[in-house]
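The next block holds one structure in the form of structure tokens; read it before the comments.
The values are calculated or read from the model by the stated rules, or taken from the named source; none is laboratory data. Nothing here was measured: the structure is a model prediction, and the numbers come from that model. Virtual Cβ from ideal backbone geometry, glycine too; neighbours counted across all protein chains shown.
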Amino acid sequence: MEMPPVRYARSGGVNVAYQVTGEGADLDMVLAPGALSHLAFMWNEPRLVHMIERFSRFSRLIRFDKRGTGMSDRVTDAATLEERADDIRVVMDAAGSEHAVILGISEGGSMACWFAAQHPSRTRALIVWGCQARFVRAPDYPWGMPIEQHERQITELIRSWPSREYVRTFGAGVGPEADDGVVDALLSRMQMAASPAAVVALERMNGALDIRNILPAIRVPTLVMAREGDPIVEPEAVRDLAERIPGSLPEGIGF
């Protein structure tokens, strides 16, 4: 599969980059990415090309770079969750998609949940991968990293970006045993996808995410998944997220 053209959807004053593959399919799927994506640079990674090809066999796959990252406008401040999630809507409009399966990965799962709650008529189904309602602990939320650890990691990012530790742990979560070649490829893409200031702003926003209040409003078929051994999410937190969505089906974490 050759790389398709990168197009742009206008969201307020921001241009959001997107690509479409699998044009002949009847099913639309929108992929809300995790921490850092780059639509063009991802085509240099065979494992990601394989993923795109497989999804494109049965769906018209719509992928985009979140505002501030990748090939989208490099805004100087981190957008709110609502603004980022609404980028899904404008990308769907630009791609001519009336309704689609929304697949959200990691923090993209938070965006996908918000979109599904706000736009049920445009959400054919919701798939959430590797996401929990919060990524930082709170007095009433026992999962995620302590706030002090999160602040230390952000301070280290300011000093050391680009960071292999970020790729292995809370940035991409590939784990300490991941092959160095995989880590190097991810690190190259992430460095292309965001400046040091952008990645710090993004992680500050992620530390403030809390989607618990919107999960009960989701009324579309939902599948919640996670990878065993994921260093970012905790199984009980994923179960908690699934239980807050009426009728959701939790899978993939040892159920």
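The residues of the stretch 84-111 that are closer than 24 Å to Val233 by Cβ and either surrounded by fewer than 18 Cβ atoms within 10 Å (Cβ to Cβ) or among the β-branched types (Val, Ile, Thr) (or both), listed by number, are Ile88, Val101, Ile102, Ile105.
Looking at the stretch 61-73, is at least one residue of a type outside the set (Ser, Thr, Tyr), surrounded by fewer than 20 Cβ atoms within 10 Å (Cβ to Cβ) and within 24 Å of Tyr166 (Cβ to Cβ)? Yes, that holds for at least one residue.
Being over 18 Å from Ile245 (Cα atoms), of a type in the set (Ser, Thr, Tyr) and either buried (at least 20 other Cβ atoms within 10 Å of the Cβ) or free of Cβ contacts under 8 Å to residues at least 60 places away in the same chain (or both): is that true of Ser160 here? Judged against the criteria, Ser160 is a match.
Of all residues in the stretch 105-150, exactly one satisfies the criterion of being over 14 Å from Leu215 (Cβ atoms), part of a strand (DSSP E or B) and aromatic (Phe, Trp, Tyr), namely Trp129. When the residues of the stretch 158-198 are filtered to those that are outside any loop (DSSP other than H, G, I, E, B) and of a type in the set (Ser, Thr, Tyr), the one that is nearest to Asn44 (Cα to Cα) is Ser188. Please determine whether any residue of the stretch 34-55 is at pLDDT below 95, buried (at least 19 other Cβ atoms within 10 Å of the Cβ) and touching a strand residue (DSSP E or B) at 6+ places or on another chain (Cβ under 7 Å). Scanning the stretch 34-55, I find at least one residue that is at pLDDT below 95, buried (at least 19 other Cβ atoms within 10 Å of the Cβ) and touching a strand residue (DSSP E or B) at 6+ places or on another chain (Cβ under 7 Å), so the answer is yes.
For (1) more than 19 Å from the chain's Cα centre (by Cα); (2) free of Cβ contacts under 8 Å to residues at least 24 places away in the same chain; (3) under 28 Å from Phe58 (Cα atoms), each residue gets a yes or a no:
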position	(1), (2), (3)
Gly104	no, no, yes
Trp114	no, no, yes
Trp129	no, no, yes
Val136	no, no, no
Gln153	yes, no, no
Phe170	no, no, no
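Quickly run through the stretch 199-229 and pick out the residues that are in a loop (DSSP other than H, G, I, E, B), of a type outside the set (A, V, I, L, M, F, W, C) and buried (at least 19 other Cβ atoms within 10 Å of the Cβ).
none
Of everything listed in (1) surrounded by fewer than 17 Cβ atoms within 10 Å (Cβ to Cβ); (2) under 20 Å from Leu209 (Cβ atoms), the single unmet condition for Pro5 is (2). Residues that are out of contact with any helix residue (DSSP H, G or I) (no Cβ under 7 Å at 6 or more places or on another chain) and of a type in the set (Gly, Ala, Ser) do not occur anywhere in the stretch 85-93.
The strands (runs of 3 or more DSSP E) falling completely within the stretch 1-104 that include 1 or more residues that are in contact with a Gly (Cβ under 9 Å, 6 or more places away or on another chain) map to 14-21, 28-32, 60-64.
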